[in-house]
Amino acid sequence: MKAWLPALLRLALVVLLVAFLTNPGWFEPLLKPLTENNAPVIYNQGSLLTLTVLHLRTVLLATVAATIVAVALAILVTRPAGAEFLPLSRSLVNIGQTFPPVAVLALAVPAVGFGEKPTLIALFLYGLLPIFENTLTGLTTLPANVVEAARGAGMTGWQRLLKVELPLSAPIILGGIRLSVVIGLATATIGSTVAAKTLGEVIIAGLLSNNLAFILQGGLIVAALAVLIYDGLSAIERYTARRMGSEAE
Amino acid sequence: MIEIEGITKRYDTTTVVDDVSMVIEPRTIAVIVGTSGSGKTTLLRMINRLVEPTAGIIKLDGADNRSVPGYELRRSIGYAIQGHGLFPHRTVAQNIATVPVLLGWDKDRINARVDELMTLYQLDPQAYGPRYPHELSGGQQQRVGVARALAAEPNVLLMDEPFGALDPIIRTKAQEDLLAIQKRFGTTIILVTHDMEEAVHMGDKIAVMDAGKLVQYARPAEPAISSRPWSAPAKGRSGCCRSDGCVTRWRTAPPRAKPSAATPASATHWPSYCGRAGRRYR
Amino acid sequence: MNIRFDKLGVVIAAIAAYAAFVAPFATFRANRIVPGQARSILEALPTATGALLLVIIVVAALIALFKTPLVLRLVASVVALVALALLVGVAGTFLTPAGNTFARISPAFGFWILIFAFTLLLADVLTRLELSPWARVGVLVLAAAAVGLLLVSGSWNDLSILKEYFNRADSFWAEGSKHVTLALGSLFAAVVIGLPLGILCHRVEKLRAGVLNVLNIIQTIPSIALFGLLIAPLGWVAIHVPGAAALGIRGIGTAPAFVALFLYSLLPVVANTVVGLAGVPRAANDAARGMGMTDRQRLFGVEFPLAFPVILTGIRIVLVQNIGLATIAALIGGGGFGVFVFQGVGQTAMDLVLLGAVPTVALAFAAAIILDAVIEMTTTKRRAETA
């Protein structure tokens, strides 16, 4: 494959996505064959653009919160004061990952009611795990002689953390955030089953009215967003890793 | 001057360093040799308190090294380790500037110092300053590592197998560079190595550690050192003696103690690998 | 004596104290959908029993709080959990007015965080004991047996979740078996297709990037959309391919759910097969070739056994993921425990949500523990052999 081909494909994807979100009418002929009985072709109970923005906002809020909490927790359990929590935290992460997102979502409803809140909680909880796990991996697999050099240079614990340990773990932490965002983008669609305003609304409307065009447009927008965001974050990850002379996967 | 008095380190029941006392004169190089597990690295790390001793005192120019917080102490002492430990996410210039930045030097002073050290180490500041460590060769990385340790003009430099990861030719060059720089700055250096040849080459005094104990501490030419049945060095690389009696070359000062009458220099027993007469020291 | 606090114990004791004395232990509702009224431990249980439970909680929390021997902590956490499990059933019976079939008693927030606190203690003890894989499976079996015993004994029969169960016992088991069939069946299909595909990708480098990219993109399609999108093609197949309808292939229902789960499962299986085979030491392969093994013999005799733990890790990911995702199948009429979850959400009947969610979580959890143990057994066996 030529080097410019993936970049070109991505650019085309961005252009398509923006065109679809701003002028969905243009694509009506394309989706028309998927509908029956003159059903509407383009989702008509709200603007796709607004739903996309709300969808992204939900994922962004949850991911930011999850990143802050997960990184803080990982830092805590890798300090001497929190070291005894380390094995337990690993087991908890392992257990936590077995909770299906739908279950988390449904169980959050009694606590906070319907709408965006249970979705945020589910995305937050589910987003925590990959970030925590990756941060932990990053902080516990630092090159020993670099950490030794930082201590030897007279850095305090905080200075080591901020100037050496976190920057060195950055690519791995970013990898966790990327996983968490991609999971979040997909999980947010399920949020619409508990009345959150996300792109899931379009898909569910399609499922309820047996309108394939709705399902397809909702699904493809989310998939396009996920692919683009995944690629973007991978690029940042590779950039930070390459600066340090190690290749990210 | 560094005074080590009755220093001991115990982990649970194992004693890693056992009641070691020694004095290191200012502006000299003391080399600590020993096999792995002899406690030499632990002894070194107790000087800048990367390891806290179980018992004993270490004084730097008369002051107990516990009179300031550990991190402040370490900023005043240079520290270079095997495999250099450069920060991979920082440029060469930023790496060298580490301790000056921690100490809050102003920008101009830091830049001047970084340039000075890089020039001294034959690294063009314009070309190499903005590079990342992985873009350098092994020898260059090692030089940056030592330059970083010297950046804040420390009186004392601790080195733990600093040349351990280098190949023989670059290693010899690095050793020579270090000797030149030690002469220029008058830094007191404590160097840990398992390579006897390096010890004899570099040290004004050599401390031999074995199973946590200091078994010898003397000048290289003294019989106590010279007659010791050394564990054979890895490779007989550089020569270290003259044909007329195996006296090491003294760099900073002539040896104060001449070989005694009882054991004339000619009678000392250098190991056989010193036999290539005058190979390097003519 | 030198008394020292256990850091985790401080957290556990704080949670337990809050849960036992401040948070409600049980909720009483006049019927299944009205808002509930909170009941504390002493209100929810007969006085003596309530006091006993409080004493058990306080003692267990104290054992957690200080640095105490592991065995003592193990006993404390197990006793506390058993007491909570038994007595929440007693609370159900105690709070239900005689002869009233509409009232619903459910464990409340306080009960759940007490369970959480002592499970945390138990998890900590078990982690520190560094149990062998067999022992971990043993603990799982014991826990499952204990829960099963409680269910059979009927001591939880007055709790709301079981009342929901009794109202739809038949469909519970039907949906449950559908759920398991979906999750395991799609995993099986993914292994049957994914393993050869992974081996092919390993052998033919040109295929690798393409196949993995396509599988990666499939993963980014949200599950509900993928489930929905498969309705049309499968509906078409059912009408136009002779015999397909007889096999149970239909536009809605189990078929699209099965295909969707299968598609999601392919990536971990294929990717881990490729990674596992790539990780086989070159020396082992060279030696095999040098001894005159054919490609086939090398694959089954050398490469495959060496890559096995990595492939197994992929299977673990798939199984846990599928058990969770199978809940979504309910949205397109595919059945599974998701039916109760989405019905419950629709009726705002949280007990019904729990009836679907709790078995799902339990299944996923058990699958993870068992497969983790199997993975560890295969890797440690290998290490012992090479040592």
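The values are calculated or read from the model by the stated rules, or taken from the named source; none is laboratory data. Since the model is a prediction, treat every value here as computed from it, not as a measurement. With ideal geometry, Cβ positions are generated from the backbone for all residues, glycine too; neighbour counts draw on all protein chains shown.
Just so you know, in the stretch C:358-379 the residues that are of a type outside the set (A, V, I, L, M) and facing another protein chain (nearest Cβ under 8 Å) include one that is farthest from residue A:91 (Cα to Cα), and it is C:360.
Here's a check for you: in the stretch A:151-184, which residue that is at the interface with chain B (Cβ under 8 Å from one of its Cβ atoms) and touching a residue at least 60 places away in the same chain (Cβ under 8 Å) is farthest from residue A:126 (Cα to Cα)? Looking at residues that are at the interface with chain B (Cβ under 8 Å from one of its Cβ atoms) and touching a residue at least 60 places away in the same chain (Cβ under 8 Å), I get A:168. Applying the selection to the stretch B:122-142, what residues are closer than 24 Å to residue B:196 by Cβ and buried (at least 20 other Cβ atoms within 10 Å of the Cβ)? B:142, the sole residue that qualifies. Would you confirm, using the coordinates I've provided, whether residue C:73 is among the basic types (Lys, Arg) and either more than 24 Å from residue A:77 (Cα to Cα) or modelled with pLDDT of 85 or more (or both)? Judged against the criteria, residue C:73 is a match.
Of all residue pairs spaced 6 or more apart or on separate chains, those with beta-carbon atoms under 7 Å, a first member in the stretch C:107-129 that is more than 8 Å from every other protein chain (Cβ to nearest Cβ) and in contact (Cβ under 8 Å) with a residue 24 or more places away in the chain and a second member that is assigned to a helix (DSSP H, G or I) and of a type in the set (D, E, K, R) are C:121/C:73; C:125/C:73.
Within the stretch A:223-249, the set of residues being at the interface with another protein chain (Cβ under 8 Å from one of its Cβ atoms) and closer than 15 Å to residue C:216 by Cβ comprises A:223, A:226, A:227, A:230.
Taking residue B:67, is it surrounded by fewer than 15 Cβ atoms within 10 Å (Cβ to Cβ) and among the polar types (S, T, N, Q)? So residue B:67 fits the description; yes.
Scanning the stretch C:186-211 for residues that are surrounded by fewer than 16 Cβ atoms within 10 Å (Cβ to Cβ) and in a helix (DSSP H, G or I) yields C:188, C:192, C:193, C:196, C:200, C:203, C:205, C:206, C:207, C:209, C:210.
Filtering A:116, A:84 for residues that are out of contact with any strand residue (DSSP E or B) (no Cβ under 7 Å at 6 or more places or on another chain), charged (D, E, K, R) and within 12 Å of chain C (Cβ to nearest Cβ) leaves a single hit, A:84.
Residue selection: residue C:331 satisfies the criterion of being at the interface with chain A (Cβ under 8 Å from one of its Cβ atoms) and touching a residue at least 40 places away in the same chain (Cβ under 8 Å). Scanning the stretch C:334-357 for residues that are within 8 Å of another protein chain (Cβ to nearest Cβ) and farther than 19 Å from residue A:191 by Cβ turns up just one, C:354. Residue count for the stretch B:1-58 under the criterion of being under 15 Å from residue B:214 (Cβ atoms), polar (S, T, N, Q) and in a loop (DSSP other than H, G, I, E, B): the result is 2. Count of the stretch C:315-334 residues, restricted to those that are modelled with pLDDT under 90 and either out of contact with any helix residue (DSSP H, G or I) (no Cβ under 9 Å at 6 or more places or on another chain) or small (Gly, Ala, Ser) (or both), is 5. Of all residues in the stretch A:63-107, those satisfying the criterion of being in contact with a Ser or Thr (Cβ under 8 Å, 6 or more places away or on another chain), of a type in the set (A, V, I, L, M) and within 30 Å of residue C:339 (Cα to Cα) are A:66, A:102, A:103, A:105. Could we say that residue A:196 is part of a helix (DSSP H, G or I) and among the aliphatic types (A, V, I, L, M) here? No, not satisfied. Only a single item in (1) touching a strand residue (DSSP E or B) at 6+ places or on another chain (Cβ under 7 Å); (2) part of a loop (DSSP other than H, G, I, E, B); (3) crowded, with 20+ Cβ neighbours inside 10 Å is not met by residue B:84, and it is number (1). What tally of residues in the stretch C:171-227 results from selecting those that are without any contact (Cβ under 8 Å) to a residue 12 or more places away in the chain, of a type in the set (Phe, Trp, Tyr) and closer than 18 Å to residue C:324 by Cβ? Number satisfying all stated conditions: 1.
Hey, among the residues in the stretch A:31-59 that are surrounded by 13 or more Cβ atoms within 10 Å (Cβ to Cβ), part of a helix (DSSP H, G or I) and free of Cβ contacts under 8 Å to residues at least 60 places away in the same chain, which one's nearest to the chain's Cα centre (by Cα)? So the residue we want is A:57. Is it the case that residue A:203 is more than 14 Å from chain B (Cβ to nearest Cβ), crowded, with 24+ Cβ neighbours inside 10 Å, part of a helix (DSSP H, G or I) and touching a residue at least 12 places away in the same chain (Cβ under 8 Å)? Here the answer is yes, as residue A:203 does meet what is asked. Restricting attention to the stretch B:96-146, and to residues there that are in contact (Cβ under 8 Å) with a residue 40 or more places away in the chain and among the β-branched types (Val, Ile, Thr), which single residue is nearest to residue B:184 (Cα to Cα)? Checked the stretch B:96-146; the qualifying residue nearest to residue B:184 (Cα to Cα) is B:146. I'm trying to understand the selection: among the residues of the stretch A:221-237, which are without any contact (Cβ under 8 Å) to a residue 40 or more places away in the chain and either within 16 Å of residue C:218 (Cβ to Cβ) or of a type outside the set (A, V, I, L, M) (or both)? Of everything in the stretch A:221-237, those that are without any contact (Cβ under 8 Å) to a residue 40 or more places away in the chain and either within 16 Å of residue C:218 (Cβ to Cβ) or of a type outside the set (A, V, I, L, M) (or both) turn out to be A:223, A:232. The condition (being part of a helix (DSSP H, G or I), crowded, with 24+ Cβ neighbours inside 10 Å, out of contact with any Phe, Trp or Tyr (no Cβ under 9 Å at 6 or more places or on another chain) and not hydroxyl-bearing (Ser, Thr, Tyr)) is satisfied by just one residue among C:353, C:374, C:341, C:318: C:341. Checking the structure you have, find out if any residue of the stretch C:108-125 is of a type in the set (Gly, Ala, Ser), in the same structural domain as residue C:59 (by TED's automatic domain parsing), modelled with pLDDT of 90 or more and not in a loop (DSSP other than H, G, I, E, B). Looking for residues that are of a type in the set (Gly, Ala, Ser), in the same structural domain as residue C:59 (by TED's automatic domain parsing), modelled with pLDDT of 90 or more and not in a loop (DSSP other than H, G, I, E, B), one finds at least one in the stretch C:108-125, hence yes. Any idea which residue in the stretch B:1-51 is modelled with the highest pLDDT, counting only those that are of a type in the set (S, T, N, Q) and surrounded by fewer than 15 Cβ atoms within 10 Å (Cβ to Cβ)? This residue is B:21.
Among all positions in the stretch B:69-81, there is no residue which is over 21 Å from residue B:26 (Cβ atoms), of a type in the set (Phe, Trp, Tyr) and part of a loop (DSSP other than H, G, I, E, B). Contact map, the stretch C:1-25: residues that are farther than 21 Å from residue C:124 by Cα paired with residues that are of a type in the set (D, E, K, R) and buried (at least 20 other Cβ atoms within 10 Å of the Cβ), Cβ distance under 7 Å, separation 6+ or inter-chain. Pairs shown: C:24/C:39; C:25/C:39.
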